[in-house]
Every structure is written in C-alpha cells, then in structure tokens.
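Everything below concerns the one structure shown next.
Where a number appears in this text, it was derived from the coordinates with a stated rule and is not lab data. Everything numeric in this text was worked out from a predicted model, so none of it was measured. Using ideal geometry, Cβ is built from the backbone for each residue, glycine included, and neighbour counts are taken over all protein chains shown.
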C-alpha cells in the first residue's frame with residue numbers, strides 16, 4: 001500500500017509539473033489581460049506537433065527540438081494579441097466586453113484544433129522520449145523522461161518567477177496586471193506587454209505539450225481536456241494568482257493520482273471539476289483568491 | 001416601412017422556406033432541414049440565458065445531452081411514447097437548469113462560464129461511465145423514432161420534419177413572447193447590463209436569473225429530445241464541449257441577445273457546415289471557428305445586428321437633426 | 001511649453017470638454033479649479049493621452065501630443081500623478097521607483113536617478129523594501145510624485161494631490177511640490193481645495209460645464225468677488 005501511494009505520488013508530481021506549466025500560463029494571461037484563453041490547450045497541442053516536426057520529421061536532437069518547438073509556440077502566441085485581441089479591444093472602446101473575449105478565444109480554439117486536424121490528421125503521433133532509461137526505486141521504476149518533466153517544468157517556472165520579480169520587462173508585466181493606467185504613466189506600452197504576456201503564456205503551454213508528448217502521444221484535442229481541467233485549477237488557485245495556480249496544480253495532480261486507489265479511474269477527470277464546483281460554492285473567489293468575482 | 005409590409009417581407013419567405021422541404025421532398029434536404037431546426041432551437045435556448053440575460057453558459061451541450069438521454073431512456077427502458085418523452089425531457093432539464101442555476105447565482109462572468117463548462121464535462125463523464133443507464137461510450141440506439149410514424153422512409157422523414165418544425169417554431173415563439181411581451185424581457189436585459197443596478201431598481205434578480213436558467217435548460221433539453229427521436233442514436237459525444245462551442249458559434253453568427261438571431265444563425269451556419277462536408281469533414285469545423293473569430297471582432301452583433309445598426313445610425317442622425325433644429329430655432 | 005487649444009473631449013460619444021484652452025509656461029505652476037463635473041480630470045486625461053481629443057490640439061514644447069498614448073507622451077518629459085496616486089500597491093517602494101525609470105531603458109541611468117530621489121526623500125530609502133500599499137495615504141501620494149521624478153520631467157501633471165489627505169499631509173505634499181517647482185519643474189494641478197491652490201499656483205484656470213470660465217493670475221482670482229461667489233462657494237465681502 002505504501003509503495004503504491006509513493007508510486008502514485010511520483011505520478012502526481014509529473015502530472016503536477018505539466019498542469020502547473022499550463023495553469024500558470026492561463027493565470028498569467030488572465031492576470032494581465034483579464035481574458036481567459038480558452039484556446040490555451042491548442043497551444044499545448046501545437047507544442048507537441050512542433051516537437052514532432054523537430055524530432056521526427058527533421059531528426060533534430062531532443063534538447064534542440066524542445067527549445068525550437070517552444071520558441072515556435074512562443075512566436076504563435078505573440079500573434080494572438082495584435083491579430084485578434086487588439087482589434088476587438090479597439091472596436092469595443094470603453095464598452096463592457098461581456099462574453100466577447102471568451103467567445104473569441106473559443107473560436108480560436110475551434111479554428112486551431114480543427115486546422116491541426118486538417119493538416120496532421122487525427123492519428124496519435126508518437127514522439128520518442130528525450131531521455132531513455134530510468135531510475136529503479138525498487139518499489140517502482142521512474143523513467144528518465146518523467147524526471148526530465150519535473151526538472152524542466154520546475155526550472156522553467158522558477159525562471160519565470162525570477163523574470164517577473166527582477167527583470168525590467170517582467171516587472172512591467174506585473175505593473176500592468178496591477179494598474180494598467182499607472183503602468184502607462186511610467187512609459188510602459190500596454191500593447192507590447194499584452195503581446196509578450198500572451199507569447200509567454202502560450203510558450204509555457206507549448207513547452208508542456210512538448211514535454212508530455214512522449215508519454216501521451218500528439219493529437220489535435222490533446223490540450224482541450226487539459227484546458228478544462230486547468231480552468232478548475234486556476235479557480236482553485238484564485239484567478240490571477242500565479243503562486244496559487246502553481247500550488248493548486250500540484251494538489252490537483254496528486255489528489256487525482258492518489259484517487260485511483262479509491263475510486264475508478266474513469267471518474268478521475270471528475271475530481272478536478274467536482275472540486276472546482278464545490279470550492280466555488282463555498283468560496284466564490286477561489287481558495288487563494290482575494291478578488292470577488 | 002409599415003408593419004404589415006415588414007411582417008410580409010419576413011413572413012412570406014419564411015413560410016415558403018419552411019414549406020419547401022415538404023414540397024421538394026428529397027430525403028437529404030429533409031435530413032439537413034430537420035437537424036438545422038433542432039440546432040436552431042438549441043441556439044435560441046442558449047441565447048435566452050447567455051445572450052439575453054448575460055449569464056454565460058459554456059456547458060449548454062450538457063442540457064442538450066440530458067434531454068436526449070432522457071428521451072432515449074424513457075422510450076427504450078420504459079417503452080414510453082415520444083409524446084411523453086419530450087415533455088419529460090423538457091421538465092427534467094428545466095429542473096436540472098434550476099439546480100445548476102442556484103449555485104451559479106453567486107458567480108459572475110468568467111467564473112460562471114468555467115463552472116458551466118465543468119458541468120458539461122461532468123454530464124459527459126456520467127454519460128460515458130454510467131453504462132447500465134446510458135449504454136456507456138457507445139450510447140443508445142434502437143429506441144425508436146417519434147411515436148406513430150408510418151414505415152415508409154420518405155413519409156417518415158416528412159412527418160418528422162413537420163413535428164420538429166412545429167415544436168421548434170412553437171419554442172421560438174414562446175421564447176420571443178417571454179422576452180418581448182412579458183416583464184421578464186426588460187428584467188433579463190437589466191440583469192445583463194448591470195446586476196447591481198437591476199437589483200437597486202427593484203428587480204428580483206434571483207428570480208429572473210433562475211427563470212432564465214430553467215427555461216433555457218428546458219428548451220435545450222427539448223432540442224436534445226428532438227435530436228434523440230429523429231437521429232435515433234444518442235452517445236456521450238453529443239454533450240461534448242465542442243457542441244457547446246458550436247452552439248455559441250451559431251449564436252454569435254446570428255447575433256446574440258435577440259433570440260431570433262441565433263435561431264436564424266444556427267440554420268444558416270448548419271447549412272454552411274453541412275455543405276462544407278462535401279469539401280471535407282474538418283473544414284466545416286474550421287469554418288465555425290473562423291466565423292466565431294471574424295464575427296466577434298468585426299460583426300459583434302451578428303447577422304441580426306446588421307439591420308439594427310443601420311436603424312441606430314438613422315435614429316442618431318434624426319436626433320442630431322432635431323437638436324440642431326432646436327438650437328437654431 | 002504646454003499649450004492646449006480648443007480641445008473637445010469626453011467618453012464614447014459623450015462630450016464633456018468643449019473647446020478648452022490653456023497654457024503652461026516653463027517653471028510655472030498652473031491650477032485648474034471648478035465645480036464637480038466641470039471636466040477637470042477629463043482635461044488632464046486628455047492632455048496625457050488617456051483619452052483621445054475629439055478635436056483641438058495639445059502641444060508640448062512644439063510637439064503634437066494629441067492622439068498619442070500616455071507611454072509615449074511621458075517620454076517627452078511629462079510626469080503624471082493620478083487622482084488616488086496610482087502607485088503599484090502590491091510592489092515595494094523600490095520597485096515602484098524602478099518602474100518610474102522604465103522608459104530610461106538603461107538600468108544604470110535609472111539607478112543613478114533613483115539614488116538622487118532617495119537623497120531627496122530619505123524616508124523612502126528606509127522603506128525601500130516595504131510594500132507600497134502598506135504606507136499611509138500621504139506617503140503613497142509622495143511616492144507617486146517621487147516616481148515621476150526618475151525621468152527628470154520638465155512638467156508634472158497632478159490630479160487632486162490633496163484628495164483624501166489630512167491637513168498635515170496636504171502641507172507636506174504642497175511643500176514638496178513647491179520645492180520641485182523651485183528646481184524648475186512646471187506643474188499643472190487640478191485641485192478641489194481652492195484656497196490651497198490659490199496660495200501655490202501662479203495662475204489659475206477655472207472650468208465650468210466643460211468650458212473655460214476664467215483664466216488669470218491667482219491674485220486676480222482672489223480679488224474677484226464674482227469668481228469667488230460663483231466658483232469658490234463664498235459670500236462676497
């Protein structure tokens with residue numbers, strides 16, 4: 001029993017790393033732009049496809065492939081603000097956006113998901129693991145790919161937090177999240193920060209999609225279920241709260257992994273949604289949230 | 001334009017369009033027309049809650065799915081007539097909508113959208129995993145179509161079309177009547193514009209929000225039941241979030257907040273996507289995504305808004321003229 | 001140095017300012033007063049680019065500002081202190097000042113400038129690591145002013161610097177403003193506290209219903225019974 005628990009704990013950390021990359025990106029975008037990116041999962045899938053192209057089609061080494069695929073998704077993410085969000089913002093002026101941004105990113109999600117389906121087909125593409133072999137812990141065997149996921153996700157998120165804390169552009173992102181008008185008054189161009197934030201957020205998803213590709217395969221809808229789950233996580237963590245999103249990701253992943261011991265695995269996905277709904281009923285602003293919805 | 005002229009201008013082509021599939025009874029045309037009408041009722045039901053009242057549902061396919069399964073289960077397991085199955089789906093989904101609406105009262109905007117999305121996913125999971133009731137991943141079939149249809153396939157389709165068109169148009173009429181002719185309409189709009197202000201004006205926001213939830217879910221469930229009896233196959237995928245996305249796309253296309261806009265938008269968009277099936281199954285869904293993106297940015301009021309906007313411009317010009325006349329006189 | 005000519009502006013289609021004009025000369029303190037809803041804040045927001053003017057021109061040292069965004073306008077050497085200060089409450093005092101120098105690019109130039117500000121306001125050096133939002137209202141306002149100094153502006157625009165402050169802090173902030181003006185910085189101040197602004201400003205512009213109602217030296221305004229009665233809510237005599 002103890003060994004089983006430990007085994008699922010390890011699985012929880014691996015999934016938690018992926019969830020965290022994903023949910024922190026959504027949270028970052030929400031905190032800065034006040035927009036929930038429904039198409040986030042498609043950038044995750046895009047990361048997987050980009051890695052597939054880099055490693056399988058072009059035959060590049062895994063490390064180079066992962067960097068390039070993440071960079072490619074970053075570039076795609078950079079386009080979202082100037083091409084889609086800025087025109088709608090401009091059109092709206094000072095009117096309340098209502099659901100329009102949600103509908104916009106929902107449309108982007110359908111567009112991207114089905115474009116990937118049209119180009120790549122619906123089959124599950126296999127990507128070779130970046131690292132082979134593994135660590136034998138006697139009670140269980142941990143593949144190096146899983147270790148890699150935890151390490152890369154952890155280091156990336158650490159780098160992101162340091163960037164936001166100390167770098168001039170990172171501080172500008174935080175400044176815009178807190179007070180856009182004041183940020184403008186000190187010379188921060190909002191458009192550039194919005195563009196960069198979407199690029200970064202999407203790149204995090206793309207990295208996650210690349211990291212998990214060897215374990216999950218790549219297919220167009222690979223990110224969509226994760227998007228819905230990540231919404232639950234971001235709500236638990238308090239919308240807009242990066243640290244909250246990180247902690248909630250780990251918690252949800254571990255609870256999900258351990259729940260297999262207690263409830264049938266086909267109900268696993270209900271845990272995140274169920275918890276989200278329960279938490280919202282008790283605390284409408286999320287576990288760690290302070291903003292009222 | 002006089003009112004009679006306008007009614008004639010809209011009414012005559014509408015009646016002609018509706019009658020066409022009965023006259024030109026090609027099975028494929030009927031097949032498309034029936035499904036388009038089902039989607040139209042579904043889109044109008046979404047619009048009542050999300051477009052009209054401003055409470056965004058991202059999980060409306062959940063209600064559609066519950067309605068379809070209710071119809072299928074009642075008919076297959078209990079051998080009940082479709083004339084019991086459809087009202088049952090309507091009532092049950094209304095009750096579920098009320099149940100979802102209660103917790104949703106505390107939530108607004110983003111949070112509500114995400115919770116309804118979670119609701120849709122839970123319905124999907126239940127439909128997939130409760131095999132003894134729902135038939136699991138393969139769903140249910142062979143529960144029969146509308147009760148009392150003849151065996152002749154073409155005749156069967158013609159009658160199905162008449163049933164679906166009748167129920168759907170009645171549904172549309174009821175929704176339009178509620179929003180235009182009862183005090184619920186202004187209350188819904190006030191809630192959409194400013195909940196706090198609406199409450200301050202003495203509008204019972206709790207009651208009207210729950211009313212919108214209940215009605216919207218009931219009609220979504222009814223459209224699900226129509227779907228189940230016509231297609232005679234229900235599976236978990238009819239409750240997938242992509243279905244919710246599709247219905248939102250239809251509503252945006254037609255113009256949210258008008259009830260008839262989404263109704264019309266659904267018929268047109270469904271027609272377009274079915275036509276695109278000949279090009280390739282994927283392309284119709286790409287088209288839906290593209291329509292949503294383009295319309296939200298460039299035509300946020302949808303097809304219905306094209307006319308309204310021009311009228312707004314005329315009104316503004318009139319006002320300006322009146323003002324300048326008043327100031328010079 | 002700043003010249004606003006016949007500017008009309010507002011929100012959406014609603015016009016609040018109707019052909020307003022004003023001038024600020026180098027080194028001058030100009031006050032803007034007027035009843036609530038006169039369009040004082042709207043005027044500042046239009047000058048600083050938060051609102052695009054419907055018509056009219058805004059010039060600073062010869063360059064056209066109208067139609068530009070605030071982040072570009074500030075780079076010409078204009079500081080802006082919003083009504084409630086507009087500091088980054090969840091960041092430290094030091095981070096607020098660092099962001100004040102965002103437009104300088106090179107962090108060395110900004111660091112030198114911030115060092116000077118710490119010399120000028122020693123209490124911010126002590127509180128460099130404190131969360132800005134945890135300071136008192138008066139200190140937050142002073143921080144907002146100090147934050148504009150990092151770029152060494154030639155003009156600072158202030159929207160009601162005394163709002164919601166106790167008299168002691170109002171004295172303090174106006175003391176600071178007077179010092180800044182002595183060092184050559186021009187100030188354009190919207191103020192509800194009419195007595196205070198008449199004591200500090202060289203010239204005053206009165207707005208009413210979105211139009212210029214009066215403009216002249218503070219002394220002149222103080223003498224005019226009509227103006228006092230109409231706009232200052234005093235009985236003449």
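Using r as the Cβ-Cβ distance of residue A:6 and residue B:200, and R0 as 45 Å, what FRET efficiency do you calculate, to the nearest 0.05?
For residue A:6 and residue B:200, the calculated efficiency is 0.20.
With springs only between Cα atoms under 10 Å, which of B:31, B:60, B:110 fluctuates most in a Gaussian network model of chain B?
Between B:31, B:60, B:110, it is B:110 that shows the largest mean-square fluctuation.
Just to verify a number: FRET efficiency for residue C:199 and residue B:189, C-beta to C-beta distance, R0 = 51 Å, to 0.05?
Here the calculated transfer efficiency is 0.50.
Contact order normalised by length for chain C, with contacts defined as Cα pairs under 8 Å and 6 or more residues apart; what percent is it?
Worked out over chain C, it gives 27 percent.
Out of the DSSP beta bridges found with both residues in region C:69-188, what percent are antiparallel (nearest 5)?
Roughly 20 percent of the beta bridges in region C:69-188 run antiparallel, per DSSP.
Taking 7 Å along the Cα-to-C-beta vector as the label spot, tell me the residue A:90-residue B:152 distance in nanometres, rounded to one decimal.
Result for the modelled spin labels: 6.0 nm.
Other chains near A:231-241: what is the mean number of their Cβ atoms within 10 Å of each residue's Cβ?
Values: counts 9, 5, 0, 2, 6, 0, 0, 0, 3, 0, 0.
That average works out to 2.
Starting from the Cα gyration tensor of the protein assembly as shown, take the square roots of the eigenvalues, sort them a ≥ b ≥ c, and report rounded, prolate or oblate (rounded when a/c is under 1.5, otherwise prolate if a/b is larger than b/c, else oblate). Please report the intermediate quantities before stating the final value.
Working: a/c = 2.40, a/b = 1.43, b/c = 1.68.
Oblate is the answer for the protein assembly as shown, as a/c is 1.5 or above yet b/c matches or exceeds a/b.
Given springs between every Cα pair under 10 Å in a Gaussian network model of chain C, which of C:17, C:180, C:155 has the largest fluctuation?
In this elastic network of chain C, the residue with the biggest mean-square fluctuation among C:17, C:180, C:155 is C:180.
Please work out the Cα center distance from region B:169-201 to region A:53-119, rounded to the nearest Å.
One Cα centre to the other: 37 Å.
Starting with the fewest neighbours, write out C:40, C:182, C:116 ranked by other beta-carbon atoms found within 10 Å of each beta-carbon.
Ranked by crowding around the Cβ, least crowded first: C:182, C:116, C:40.
Averaged across the residues of A:87-97, what count of C-beta atoms belonging to other chains lies within 10 Å of each residue's C-beta? Can you show the working numbers first?
Values: counts 3, 5, 1, 1, 4, 2, 3, 3, 2, 5, 3.
Rounded to a whole number, the mean comes out at 3.
Each label point is 7 Å from the Cα along the Cα-to-Cβ direction; what then is the distance between the points at residue A:268 and residue B:137, in nm?
About 1.4 nm separates the two model spin labels.
Looking at chain B, what % of the alpha carbon pairs are farther apart than 36 Å?
Taking all Cα-Cα pairs of chain B, the fraction more than 36 Å apart is 20 percent.
What is the order of B:170, B:116, fewest Cβ neighbours within 10 Å to most? Could you put the intermediate results ahead of the total?
Details: B:170 12, B:116 27.
Listing B:170, B:116 from fewest to most nearby Cβ atoms yields B:170, B:116.
Within region A:1-28, name every residue whose backbone N is under 14 Å away from a label modeled 7 Å from Cα of residue A:139 along the Cβ vector.
The answer is A:1-12.
Ranked highest first by the average count of other Cβ atoms within 10 Å around their residues, in what order do C:23-30, C:189-196 fall?
Highest to lowest by the protection proxy: C:189-196, C:23-30.
Between the alpha-carbon centers of region C:54-103 and region B:215-244, tell me the distance in whole angstrom.
Result: 54 Å between the Cα centres.
Just check region B:70-138 against the gyration tensor rule for me: Cα atoms, a ≥ b ≥ c as the square roots of the eigenvalues, rounded for a/c under 1.5, and otherwise prolate or oblate depending on whether a/b exceeds b/c. Let's see the in-between values first.
Numbers: a/c = 3.88, a/b = 1.63, b/c = 2.38.
In terms of gyration-tensor shape, oblate.
Just counting partner chain Cβ atoms within 10 Å, what average do the residues of peptide C:79-88 show around their Cβ?
That average works out to 4.
With the cut-off at 1.5 for a/c, could you classify region B:1-135 from its C-alpha gyration tensor as rounded, prolate or oblate?
oblate
So in the protein assembly as shown, what percent of DSSP beta bridges are antiparallel if you round to the nearest 5?
Taking every DSSP beta bridge with both residues in the protein assembly as shown, the antiparallel ones total about 60 percent.
Starting from the Cα of residue C:107, step 7 Å along the direction of its Cβ; do the same at residue B:18; then give the gap between the two resulting points in nm.
7.0 nm
Between region A:220-247 and region B:102-132, how many Å separate their Cα centres?
Centre-to-centre (Cα) distance: 15 Å.
I need the peptides B:265-272, C:208-215 ranked by packing, meaning the mean over residues of other C-beta atoms within 10 angstrom, with the highest value on top.
B:265-272, C:208-215
Test of understanding: in a Gaussian network model of chain B with alpha carbons linked when under 10 Å, which of B:224, B:135, B:94 would top the mean-square fluctuation ranking?
Evaluated over chain B, the most mobile residue of the options is B:135.
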